[in-house]
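Below: one structure, written as structure tokens.
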Amino acid sequence: MNGSMAKSTIAKNSIRKRYFTKSLSQYLFVIPAALFVLLFMVYPIVYNIIVSFQDLTLMNLRQGGSFIGLQNYIEIVQTEKFVIALKNTIIYTFSCIFFQVIIGYLLAVFLNQDFPFRNFFRSIMLLAWMTPLVITGTLFKWLFDVDYGVINYLLTSLHLIDNPINWLGQESTALAAVIITNTWVGIPFNMILILAAMQALPSDVYEAAKVDGASKLQTFSNVTMPLLRPALLIILVLGIIYTFKVFDIILIMTGGGPVNATQVLPFYGYELAFVNFNFGASGAVATIILVILLCIALVYLMMIRKEEAE
Amino acid sequence: MRKYSIKQYMLLVMAIIITMIFLFPIYWMIVTSVKPIQDVFATPPMIIPETIQFDAYVKNLIEDRSLFPYIRNSLIVALGTALLTLVLAIPCAYALARFKLKWGNILLLVLLVTQMIPGIMMAMPLYILFSKIGLLNSYLALIVGNTTSALPFAIVIMRPFFLSIPKGLEEAAVIDGCNRFTAFFRIILPLTKPVVLTVSTFSFLFAWGDLIFALTLATDEKIRPLTMGLTKFIGQYGTQWDNLMAVSTIAAAPILIAFLFLQKYIVSGITAGAEK
């Protein structure tokens, strides 16, 4: 009896070994995806970097551009458009994330309470996030309309403004309008993620805090915040990376205008490639974005490494 | 039925009010599309429509059929993207979860790095690559382009799913005479239904809403998807908001439908995608 069991364990172990150890057939599972990633995702990134050191335009696309060192970078960084685009991208990213996370957090706190149909309310808000940005952009253009837009109507009837604002038509308000639009898009996404993090929190620490007589504010700053920090950090980093890549909303709502007021880096890179056909310069913009976002990701990795070490 | 307290019903009322305010833009899109044009431009804006009519839909779906080719193209591209993403991601995520592959972690890292570049900046190299191999202006070009944005997401949310399946399943299958591939196809694949639904819903919706690849990789009107059709209507209709909102509502319909039936899978997909 014992002998046969031992035998079957040995047989099982050898099967397990055979199944899970390295062999060529295991790689067959990964090869299609790996090839796809290499060809259509890694190659474009490498291509962008290589081209950023070349004078590649529509003229010499067939024979390939020649190496010109850092000239693309030097020329681009000196243009006024680049400086404005960089500044706008940073303002846009941080204001969107700021409002999205705060409003998303408040909604998550609200929806974390127990009431009828709460799961329905949690998910229905995601409609804002899931609607294609082309549609959202068009829709908010209508909401921001000078003469017939609901937003101007609301603000004037609340006496917050005297005259309707030409939101998308003037330099001073266009970026704010685009930020408001994207904040609306991102709120439910942040809400769902923060809510998921909250539900993963242990409930016993809250009971302990209650027993110890902690006030709501004390519980928030001494219990909730430290526990939520790792989750909030990854939500912030993901949010920054996704928001930095803004394109659709700009194309639909403003086209970068009026007079560069809503010009952002990805849109600028698009214009360089598909309007001016200056592929080298566009590659330089792409590489700059890549470096900026990689730096943000590295800072994040260093932060969690430091926390884990502590 | 559970019993709720008065306070909980008050919270419900608050939730309804908050949701109504938050989703007002979507309501406004639909309402604008069913108003007569003079009501669309009424001051003050008519929040609750007095007359409802479907002229804009009749005009854009029945009288003028120019929307249909765009819808067809969007369907082809979105379904193709969902299919290609699944075919590539399922075996890959399975192998990354199950086997200790030499390059496994590097592949995951590469997927992460590819997220650091905007889709529109991926479009330029793909445009040049496709124009060299003659793929420009084809459904395949759009499907490949969209798969580049859907694939990392798919692998990232599928890998933990496979990690959660007990290893004993394959062992039992192997004892019964399966090899690595038959074990995967017969035993594992049937278990993946929920995560497959999540991934296919997302990749479909990603591709359905894509503007970047539609704008850059498809210059031929014949294969352009609905998002590009929409930008054409924006130019053509200018400020005819009733028509524009009708076309927008039609374009948003698959999202509303997907939402009604696949809500559970959408929520689980978002939360799984943000885990490390």
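The values are calculated or read from the model by the stated rules, or taken from the named source; none is laboratory data. Given the structure is predicted, the values throughout are model-derived calculations rather than measurements. A quick note on method: Cβ atoms are made from the backbone with ideal geometry, for glycine too, and the neighbour counts reach across all protein chains shown.
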Review point. Do we have A:Val46 as within 15 Å of B:Ile128 (Cα to Cα) and part of a helix (DSSP H, G or I) here?
Key: yes
Review point. Could you list, in sequence order, the residues of the range A:70-111 that are within 29 Å of A:Phe220 (Cβ to Cβ) and not in a helix (DSSP H, G or I)?
Key: none
Review point. What is the one condition in (1) buried (at least 21 other Cβ atoms within 10 Å of the Cβ); (2) more than 20 Å from the chain's Cα centre (by Cα); (3) without any contact (Cβ under 8 Å) to a residue 40 or more places away in the chain that B:Ile117 does not satisfy?
Key: (2)
Check your understanding: If you check B:Ala173 against the conditions, is it more than 8 Å from every other protein chain (Cβ to nearest Cβ), assigned to a helix (DSSP H, G or I) and without any contact (Cβ under 8 Å) to a residue 40 or more places away in the chain?
Key -> yes
Exercise for review: Taking the options A:Ile97, A:Ile84, A:Ile76, name whichever one is modelled with pLDDT of 95 or more and more than 30 Å from B:Pro152 (Cα to Cα).
Suggested key: A:Ile84
Check your understanding: Quick one: which of B:Lys35, B:Lys3, B:Lys59, B:Lys100 is assigned to a loop (DSSP other than H, G, I, E, B) and either in contact with a Phe, Trp or Tyr (Cβ under 6 Å, 6 or more places away or on another chain) or in contact (Cβ under 8 Å) with a residue 24 or more places away in the chain (or both)?
Key -> B:Lys35
**Study point:** Unique residue being more than 16 Å from the chain's Cα centre (by Cα) and closer than 30 Å to B:Val31 by Cβ when the list is B:Leu256, B:Leu215, B:Leu260
**Key:** B:Leu215
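Here's the yes/no breakdown for (1) within 30 Å of A:Met191 (Cβ to Cβ); (2) more than 14 Å from the chain's Cα centre (by Cα); (3) more than 8 Å from every other protein chain (Cβ to nearest Cβ); (4) not charged (D, E, K, R):
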position: A:Asp248; (1), (2), (3), (4): yes, no, no, no
position: A:Ile252; (1), (2), (3), (4): yes, yes, no, yes
position: A:Gly257; (1), (2), (3), (4): no, yes, yes, yes
position: A:Pro266; (1), (2), (3), (4): yes, no, no, yes
position: A:Leu272; (1), (2), (3), (4): no, yes, yes, yes
position: A:Val275; (1), (2), (3), (4): no, yes, yes, yes
position: A:Phe279; (1), (2), (3), (4): no, yes, no, yes
position: A:Ser282; (1), (2), (3), (4): no, yes, no, yes
position: A:Ile292; (1), (2), (3), (4): yes, no, yes, yes
Check your understanding: Does A:Tyr148 fit the bill of being modelled with pLDDT of 90 or more and surrounded by fewer than 20 Cβ atoms within 10 Å (Cβ to Cβ)?
Key -> no
Practice item. Name every residue in the range A:112-144 that is part of a loop (DSSP other than H, G, I, E, B), hydrophobic (A, V, I, L, M, F, W, C), on the phi < 0 side of the Ramachandran plot and within 7 Å of another protein chain (Cβ to nearest Cβ), in order of residue number. Key: A:Phe115, A:Met125, A:Leu126
Practice item. Determine if the range A:89-99 includes at least one residue that is closer than 19 Å to A:Phe277 by Cα and either of a type in the set (Gly, Ala, Ser) or buried (at least 16 other Cβ atoms within 10 Å of the Cβ) (or both). Key: no
Check your understanding: Of B:Ser5, B:Ser33, which residue is among the polar types (S, T, N, Q) and either more than 10 Å from every other protein chain (Cβ to nearest Cβ) or within 28 Å of the chain's Cα centre (by Cα) (or both)?
Key -> B:Ser33
Exercise for review: Go through the range B:132-141 and give me each residue that's modelled with pLDDT of 90 or more and either under 12 Å from A:Pro266 (Cα atoms) or not in a loop (DSSP other than H, G, I, E, B) (or both).
Suggested key: B:Tyr139, B:Leu140, B:Ala141
